[in-house]
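Colleague: Can you read through this structure? Questions will come right after.
Computed from the coordinates by the stated procedures, all read-outs in this text should not be read as laboratory data. Since the model is a prediction, treat every value here as computed from it, not as a measurement. Neighbour counts run over all protein chains shown; Cβ positions are idealised from the backbone, glycine included.
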Amino acid sequence: MLVSWKWLSRYLNLPVSHEALALRLSLSGLNHESTEIVDGDPVIDLEVTSNRGDCLGHLGVAREIAVLYGLEICRPEPGLASVTDPTQSIESLLQVENEFVDACPRYTARVIRGVKVGPSPAWMVQSLAAVGIASINNVVDATNYVMMECGQPLHAFDYAKLDGQRIRIRPASEGESIEAIDHRNYLLEPSMCVIADSRSAVAVAGVMGGASSEVTETTRDLVIEAAIFTPLSVRRTARALKLHSPSSYRFERRVDPEQVDWANRRVCQLIIESAGGKVASGVIDTHTMPRDAKPLVLRASQIERVLGISIDADEVARILTALGCQSTASSPGEMHFTPPSWRHDLTREVDLIEEVARIHGYDKIPEDSPIPVAPSARRPYDVGVDQVRSVMTAAGLSEAMTPSVVVERLDEAMSPWTDRPALQTQTPMLEGSRRLRRSLLPSLLNSRAANWASSTTEANLYEIAHVYLPGETDEALPDEHYTVGMIAGGDFYRLKGIIETIFARLGIDAPMQLTSVDRPGLGRGTAVEIRMQGHLVGYLAAVDAKLLKSFKLPGPVFVAEVSLPTLFAMATLVPQQRFVSPFPSVERDLNFVVAEAIRWSEMERVVRTSVGTDLARVTYRETYRDPKKDGDDRKRVLMTVELRRDDETLSGDQADAMITKLINDCRESLAAELLS
């Protein structure tokens, strides 16, 4: 924000040099970037943070200076009584319809007739030049001057060029375009707000006016617009069109809702002073926007706790009142203040404390002032995510970050968690992407395909992020759920091993149970759901061959997705003391021949049930198939069984008895034959 010293002097008597003023403003939150002398006028460049839209005009900066130095500010009070034509009412000249209240909560308009467009007064040209704005004519210059004066953007339309003498605030039509005053054409979208006449759009609301209603030397009658456009609407439109302007910059940071009519009257006054004409009686205002500001409670004890110093209650009241806050009530130890309309950022007690601190002076707070500090600790979730990320990185997977919104093709590629339709955004956050993803796997598959297409790289990826699961019924609320998704080449057991390592790192001892499932996008016969302690934890599978072909990926490719909240509920994130037996263990390798349909989880269950508490560990080693020796649909499974007792050393006979019982139980339950 460029601030002219001469311009500021119109509102208050500046008590210090521009160097001292720049330093004091920096210490109060308006950072000093640089100062340049323009035709003898010191112009100070201030960095205004996004929450201080009230300082994007000279009056706002003057208000800050007045508070810092205890000065009186002289704000112009525009009067239009002497320049109003009582014979012409605005209702007979102009009709305004607001069809997009969500994007434009308030729209005001006045009509000026009989102006003569020409050069601006020298003082206005010099003022605008000091802040880097070139003079155009006395009408446009007046709108720019008032914007730089108070921070409220304005626009002037040529009244004769408005078809039907009508203004409509509406969403843009599908395929509609507009030629802006920069004489470039822009294709609009239905989510964008436009100002239109009876025929077509004449301005992009809050961003830039249109060439069709531009003020020229032949203009005789004007429509003066002062409005409020919502920050989100203006920001989205400006970014989508790649069209940013001083107006959009201010609307994105909010303007004072109670200053709209003042700005409208002020620009009318300046136009009539330099261009002549008369104002039609009355004003069109689509909404008066009654303010519903709630008082904030400020406790003296909190000031001392946060700042570490005690500030007198009268000084606190003086500072906040000078800033525009209204004192509504007080009681011993606490005060009530209602923030002014231009301070959208004052919403909490701590915001008032910050205002008191910066005006009182940060330099007055001793470096060693006692401020109580409570020790903080990382959330269990953060600890768990770090463990998961560590395992993934060690396994050779690269972390990916993909958008939460996806196109329909990706969303329907695979959805293991739910078959219900995905949630959709009303306005696409990315082009063509309306759906909130129900799984991380389609995005990871798309990323692997993009890597392969661009550099023939087999990208093994993982991502930790939210998925958005619709409710089980239309009335149920959706579930925003953290999961970890992974995709890699190799084989099924690679991802299975990574998942088992995650479980071990999180201190989960329960056995993993795998059950076959049939899900779209997942290879038939390879897809399994993972359960632990009866809870569904996630899914593991090969990607369906047809899906791989549609993504132009060589196979095989395997994917897995695990629910983090479910895992963390079973995890022991803080290692606990565990008893370690002082006695040695006995290990036996067993090689069973079993039917092809027998799963390792079934064999592990039988072993654990057979041996009981004397089983220290059972470990899968390998699977081997030899149809000539063992027959068709048969396989050999090699395992290692480790036996140990906590109170004595197992003898050979005791270990043999346990192993014999285990072999017999496997034969009876699984028809397993032991190879000698």
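Colleague: Would you mind checking the tilt of helix 18-27 against the longest principal axis of the Cα atoms of the chain, expressed as 0 to 90 degrees and rounded to 10?
Modeller: 30 degrees
Colleague: To continue, here is another question. Residues of the stretch 197-224 with backbone nitrogen within less than 11 Å of a virtual label 7 Å along the Cα-to-Cβ line of Q95, please, listed as ranges.
Modeller: 198
Colleague: Same structure, new question: Kindly state, as a whole number, the per residue volume in cubic angstrom of the convex hull around the alpha carbon atoms of the chain.
Modeller: For the chain, the hull spanned by Cα atoms encloses 236 Å³ per residue.
Colleague: Let me ask something additional. Across 5 Å bins from the origin, how do the percents of Cα pairs in the stretch 71-196 run, short distances first?
Modeller: 2, 8, 13, 17, 21, 17, 13, 7, 2, 1, 0
Colleague: Please list, in order along the stretch 132-141, the HN-Hα scalar couplings obtained from phi with the Karplus expression 6.51 cos²θ - 1.76 cosθ + 1.60 (θ = phi - 60°), rounded to whole Hz, x for Gly and Pro.
Modeller: Each residue of the stretch 132-141 in turn: x, 10, 7, 6, 10, 7, 5, 7, 5, 4 Hz.
Colleague: Moving to a separate point now. Based on the Cβ-Cβ distance of Y69 and L536, what FRET efficiency does E = 1/(1 + (r/R0)^6) give at R0 = 60 Å, to the nearest 0.05?
Modeller: Details: r = 66 Å, r/R0 = 1.10.
E between Y69 and L536, to the nearest 0.05, is 0.35.
Colleague: Could you work out how much longer the chain between T328 and T456 gets when fully extended? Use 0.36 nm per residue separation minus the Cα distance between them, nm to one decimal.
Modeller: The span from T328 to T456 would gain 39.2 nm if fully extended.
Colleague: Oh, and also: Need the full-extension length gain, K6 to D102, defined as separation in residues times 0.36 nm minus the C-alpha distance. One decimal, nm.
Modeller: 30.6 nm
Colleague: So, one more: Apply the Karplus parameterisation 6.51 cos²θ - 1.76 cosθ + 1.60, with θ equal to phi minus 60°, to every residue of the stretch 465-477 and state each ³J(HN,Hα) to the nearest whole Hz, in sequence, with x for glycine and proline.
Modeller: Residue by residue, the stretch 465-477 yields 6, 7, 10, 10, 9, x, x, 5, 10, 5, 8, 6, 6 Hz.
Colleague: Give the calculated FRET efficiency between A616 and S516 to the nearest 0.05, with a Förster radius of 41 Å applied to their Cβ-Cβ distance.
Modeller: Efficiency for this residue pair is about 0.85.
Colleague: Based on DSSP, what percent of beta bridges with both residues in the chain are antiparallel, to the nearest 5?
Modeller: Antiparallel bridges make up about 90 percent of those DSSP assigns within the chain.
Colleague: State the percent of C-alpha pairs, over all pairs in the stretch 122-190, separated by a distance greater than 18 angstrom.
Modeller: 57 percent
Colleague: Right, next: Calculate the translational D of the stretch 457-540 in whole µm² s⁻¹ from Stokes-Einstein, where the hydrodynamic radius comes from the Kirkwood formula applied to all Cα pairs, the temperature is 4 °C and the viscosity 1.567 mPa s.
Modeller: 88 µm²/s
Colleague: Measure nothing but the geometry: give the 0 to 90° angle between the long axis through the Cα atoms of 231-241 and the longest principal axis through the Cα atoms of the chain, rounded to 10°.
Modeller: Roughly 80 degrees between the two axes.
Colleague: Just need the relative contact order of the stretch 230-383 here, percent rounded to a whole number, with Cα pairs under 8 Å and 6+ apart.
Modeller: 22 percent
Colleague: Can you give the net charge of the other residues whose Cβ lies under 14 Å from the Cβ of R434, counting K and R as +1 and D and E as -1? Don't jump to the answer; show the numbers that get you there.
Modeller: Details: positive: R409, R435, R437, R438; negative: E189, E408, D411, E412, E431.
Once positives and negatives cancel, what remains is -1.
Colleague: For R291 paired with E408, estimate the spin-label separation in nm (one decimal), with each label point 7 Å from Cα along the Cα-to-Cβ line.
Modeller: Those two pseudo-labels are separated by 4.8 nm.
Colleague: Using the Cα gyration tensor of the stretch 405-449, with a ≥ b ≥ c the square roots of its eigenvalues, what is the shape: rounded (a/c below 1.5), prolate (a/b larger than b/c) or oblate (neither)?
Modeller: In terms of gyration-tensor shape, oblate.
Colleague: Once the other residues with Cβ under 11 Å from the Cβ of G523 are scored (Lys, Arg +1; Asp, Glu -1), what is the net sum?
Modeller: Numbers: positive: R519, R524, K546; negative: D518, D544.
Charge balance near G523 sits at +1.
Colleague: May I ask for log10 I(q)/I(0) of the stretch 506-594 at q = 0.21 Å⁻¹, from a Debye sum over the Cα atoms as equal point scatterers with solvent left out?
Modeller: -1.01
Colleague: What does the C-alpha gyration tensor say about the overall shape of the stretch 335-394? Classify as rounded when a/c is under 1.5, otherwise prolate if a/b is larger than b/c, or oblate.
Modeller: It is prolate, given that a/c is not under 1.5 and a/b is the larger ratio.
Colleague: Cα atoms only: what Rg and Dmax, in Å, come out for the stretch 559-676?
Modeller: Rg, Dmax (Cα atoms, Å): 17.2, 51.
Colleague: Per q in 0.11, 0.13, 0.14, 0.21 1/Å, what log10 I(q)/I(0) does a Debye calculation on the alpha-carbon atoms of the stretch 340-471 return?
Modeller: At q = 0.11, 0.13, 0.14, 0.21 Å⁻¹ the computed log10 ratios are -0.70, -0.80, -0.83, -1.25.
Colleague: Binning every alpha carbon pair distance of the stretch 271-394 at 10 Å from zero, what are the percents per bin?
Modeller: 10, 27, 18, 16, 16, 8, 3, 1
Colleague: Please list the non-local residues whose amide H lies under 5 Å from the amide H of S585, H modeled 1.01 Å from N, same-chain partners needing a gap of 5 or more.
Modeller: Placed amide hydrogens put nothing under 5 Å from S585.
Colleague: Right, another one. Between 0 and 90 degrees, rounded to the nearest ten: what's the tilt of helix 58-69 against the longest Cα principal axis of the chain?
Modeller: The two axes meet at around 90 degrees.
Colleague: Can you tell me how much longer the chain between S177 and A545 gets when fully stretched, taken as 0.36 nm per residue apart minus their C-alpha distance, in nm with one decimal?
Modeller: Going from the current span to full extension adds 128.0 nm.
Colleague: Continuing with this model, one more query. Size of the stretch 17-144 along its principal axes in angstrom, Cα-based, largest extent first?
Modeller: 53, 38, 27
Colleague: Taking the Cβ of I284 as the center, what net charge do the other residues with Cβ under 12 Å away carry, scoring Lys and Arg +1 and Asp and Glu -1?
Modeller: Local charge sum for I284: -2.
Colleague: Near the amide H of Q88, under 5 Å away, which other amide H atoms are found, from residues 5 or more places off or on another chain, if H is placed in the peptide plane?
Modeller: When sequence neighbours closer than 5 places are left aside, the close amide H contacts are S281.
Colleague: Can you order the peptides 187-194, 379-386 by their average number of other Cβ atoms within 10 Å per residue, highest first?
Modeller: Peptide ranking by packing, descending: 187-194, 379-386.
Colleague: Taking H placed 1.01 Å from N in the peptide plane, check which residues at least 5 places from A465 or on another chain put their amide H under 5 Å from its amide H.
Modeller: Amide H to amide H, under 5 Å and 5 or more residues apart or across chains, A465 pairs with T483, G485.
Colleague: In debye, nearest 20: dipole of the stretch 533-676 around its Cα centre with unit charges on the Cβ of K, R (+) and D, E (-)?
Modeller: Computed charge dipole of the stretch 533-676: roughly 660 debye.
Colleague: Report the paramagnetic label zone for L232: residues of the stretch 429-450 whose backbone N is under 13 Å from a point 7 Å from Cα along the Cα-to-Cβ axis.
Modeller: Zone members listed by number: 429.
Colleague: Among P403, S447, G384, whose Cα projects farthest towards the positive end of the dipole of the stretch 366-494, with charges put on the beta-carbon of Lys, Arg (+1) and Asp, Glu (-1)?
Modeller: S447
Colleague: Same structure, new question: Just to be sure I understand the model, the point goes 7 Å from the Cα along the line to the Cβ. What's the resulting E47 to D632 distance in nm?
Modeller: The two pseudo-label positions are separated by 7.7 nm.
Colleague: Cross-link partners among lysines for K116, C-alpha distance below 27 Å, same-chain residues fewer than 8 apart left out?
Modeller: K161, K278
Colleague: Now for a different question. Tell me, what HN-Hα J-couplings in whole Hz come from the Karplus equation 6.51 cos²θ - 1.76 cosθ + 1.60 at θ = phi - 60° for each residue of the stretch 32-49, using x for Gly and Pro?
Modeller: 8, 8, 6, 9, 10, 8, 10, 6, x, 9, x, 10, 9, 9, 10, 8, 9, 5
Colleague: Mind checking the dipole of the stretch 419-491: about its Cα centre, +1 per Lys or Arg Cβ, -1 per Asp or Glu Cβ, Debye to the nearest 20? Present the calculation step by step, with values, prior to reporting the outcome.
Modeller: Values: 6 positive and 10 negative charges, 56 e Å.
It comes to approximately 260 debye.
Colleague: Go ahead and run the numbers for FRET between V306 and E596, Cβ-Cβ distance against an R0 of 56 Å, rounding to 0.05.
Modeller: 0.20
Colleague: Going by the alpha-carbon gyration tensor, a ≥ b ≥ c the square roots of its eigenvalues, is the stretch 195-299 rounded (a/c under 1.5) or, if a/c is not under 1.5, prolate (a/b greater than b/c) versus oblate?
Modeller: It is oblate, given that a/c is not under 1.5 and a/b is not larger than b/c.
Colleague: Name the aspartates and glutamates eligible as straight-distance cross-link partners of K242: C-alpha to C-alpha under 19 Å, and not fewer than 8 places from it in the same chain.
Modeller: Cross-link targets: E174, E176, E179, D182, E189, E252, E431.
Colleague: Of V3, A545, S82, which is farthest on the positive side of the dipole of the chain, counting Cα position, with +1 on Lys and Arg Cβ, -1 on Asp and Glu Cβ, and the Cα centre as origin?
Modeller: Going by the charge dipole, the pick is A545.
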